[in-house]
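One structure is given here, and the rest of the page talks about it.
The values are calculated or read from the model by the stated rules, or taken from the named source; none is laboratory data. On a predicted model such as this, the values are computed, not experimentally measured, just so you know. Here Cβ is always computed from backbone atoms with ideal geometry, including for glycine, and neighbour counts include all displayed protein chains. Remember, those area values only see protein heavy atoms, side chains included, never the ligands or the DNA or RNA. Shrake-Rupley method; radii C 1.70, N 1.55, O 1.52, S 1.80 Å.
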Amino acid sequence: MIDKTLQNFDIFKFQANLINWYHANKRDLPWRKDQDPYKVWVSEIMLQQTKVDTVIPYFQRFITKYPTLQDLADADQQDVLKTWEGLGYYSRARNLQNAVREVVSAYGSKVPANPKELGALKGVGPYTQGAILSIAFNQPEPAVDGNVMRVLSRVLKIEEDIAQPKVKKHFERYTKKMISDEDPSAFNQGIMELGALVCTPKSPMCMLCPVQEQCRAFEEGVEQELPIKSKAKKQKTIPYVALLIRNEKNQYVIEKRSETGLLANMWQFPMVPIDEIGMDHIENWVEMEYGVQVDLGNKLGKLKHVFSHLIWQLDIIEATTGSVQVTDKRVELVDKNRLADYPFPVSHQKMMKYMREE
DNA sequence: TATGCGTGGAT
DNA sequence: TATCCAAGCAT
């Protein structure tokens, strides 16, 4: 199967054209200043499912705050989440810190340079493992991401559904055959850079492509039809009443989310699953759930928070409460000007704009 | 294998 | 406005 696909394909020519193009056209990105395995690692985690332009400022702040493995290992998880705030997929941050602590304690603060130990670290999957081994340690290991599957599906005219997990394994086998032993870092980064800058999902710029001559999809004029990717099913919408509960000292009730699942260990304003509770029982439910007696006020606005797999529809309502003693460990009464110390998901950062005083 | 897991930008 | 997508991983 693989042998047939790569039959009559000049791998050495592909490597040379790709790597030369990469060295001439690669972007000057902050994580390309050196090959520090820790910084390569941080960048690869941040870049998962996230665009380069989004990552750049986060990477700068993160490395400034945690310049070394030891600094990140010593940090408080809440501070790490705060630094990650707005970047999404927060388990990446928690897993990264856990894995860094593992490297400090088990590997003498040296990022392991072998597939087995590296791949066993939390948050390091097949792609990230290959990326670190090739970029930081110059090892010819495949690093197959969405770019690689798109580029190779076109160049080799592969018509498998890239949404299926097993298909990614097929691409890893192709890449193992095709990767350069002389410059695996430039090869892997070159395909990704090509996918990001030239061989884009829509309207690829084939006239600028260094491997156009070898591209089977271009030859047949079908580059726009590849890769083949089945569609995700659409998200379910869940309506909530989100409460800005304020006392006379201008403090607000917030809660820390569960340590697992969606937005784990992030903070939020109280949210009432209104389909289950009903508008008439909000006060009762809030007292049961948070131990806080509230008087509901005006509706302040609404927000939509779109996740990959679900949508929150938030109706924002203001509420007041007397001077209460919060007993639940995960609930706090916090001064308005201290809210910025806590990590919030984006929808709840936006909620703060609706706050108003007496 | 399918699903849960964020967010913002491009089209 | 709706859809897609972006250097994936855990379970």
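Only one of A:ASP10, A:ASP3 is over 12 Å from the mean Cα position of the chain (by Cα), without any contact (Cβ under 8 Å) to a residue 40 or more places away in the chain and either within 15 Å of DNA strand C (Cβ to nearest atom) or surrounded by fewer than 14 Cβ atoms within 10 Å (Cβ to Cβ) (or both). Can you tell me which?
None of the others qualify; the one that does is A:ASP3.
Go over the candidates A:TYR90, A:TYR22, A:TYR38 one by one and state the one that is touching a residue at least 40 places away in the same chain (Cβ under 8 Å), within 16 Å of DNA strand B (Cβ to nearest atom) and touching a Leu at 6+ places or on another chain (Cβ under 8 Å).
Exactly one of A:TYR90, A:TYR22, A:TYR38 is touching a residue at least 40 places away in the same chain (Cβ under 8 Å), within 16 Å of DNA strand B (Cβ to nearest atom) and touching a Leu at 6+ places or on another chain (Cβ under 8 Å), namely A:TYR90.
Looking at (1) under 28 Å from A:PHE344 (Cβ atoms); (2) within 12 Å of DNA strand B (Cβ to nearest atom); (3) not acidic (Asp, Glu), which is the only condition A:PRO126 fails?
(1)
Just one of A:SER203, A:SER230 is among the hydroxyl-bearing types (Ser, Thr, Tyr) and assigned by TED's automatic domain parsing to the domain that holds A:GLN77; which is it?
A:SER203
So which residues in segment A:283-300 are closer than 16 Å to A:MET351 by Cα and surrounded by fewer than 14 Cβ atoms within 10 Å (Cβ to Cβ)?
Once the filter is applied, which keeps residues that are closer than 16 Å to A:MET351 by Cα and surrounded by fewer than 14 Cβ atoms within 10 Å (Cβ to Cβ), segment A:283-300 yields A:ASN298, A:LYS299.
Would you confirm whether or not segment A:50-61 contains a residue that is polar (S, T, N, Q), open to solvent by 30 Å² or more (accessible area, probe 1.4 Å), more than 10 Å from DNA strand C (Cβ to nearest atom) and within 20 Å of A:ALA136 (Cα to Cα)?
Yes: one or more hits.
Looking at A:GLY108, is it open to solvent by 30 Å² or more (accessible area, probe 1.4 Å), within 16 Å of DNA strand B (Cβ to nearest atom) and either hydroxyl-bearing (Ser, Thr, Tyr) or assigned to a loop (DSSP other than H, G, I, E, B) (or both)?
no
Residues are listed down the side, and each one gets a yes or a no for (1) of a type in the set (Gly, Ala, Ser); (2) within 12 Å of DNA strand C (Cβ to nearest atom); (3) in contact with a helix residue (DSSP H, G or I) (Cβ under 9 Å, 6 or more places away or on another chain):
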{"residue": "A:LEU96", "(1), (2), (3)": "no, yes, yes"}
{"residue": "A:ALA99", "(1), (2), (3)": "yes, yes, yes"}
{"residue": "A:SER105", "(1), (2), (3)": "yes, no, yes"}
{"residue": "A:GLY146", "(1), (2), (3)": "yes, yes, yes"}
{"residue": "A:GLN164", "(1), (2), (3)": "no, yes, no"}
{"residue": "A:VAL167", "(1), (2), (3)": "no, no, yes"}
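Can you confirm whether segment A:320-332 contains a residue that is within 16 Å of DNA strand B (Cβ to nearest atom), assigned by TED's automatic domain parsing to the domain that holds A:ASN247 and over 22 Å from the mean Cα position of the chain (by Cα)?
no
Do you know which residues across segment A:308-327 are farther than 14 Å from A:GLU248 by Cα and open to solvent by 30 Å² or more (accessible area, probe 1.4 Å)?
Across segment A:308-327, the qualifying residues are A:SER308, A:HIS309, A:GLN313, A:ASP315, A:VAL326, A:THR327.
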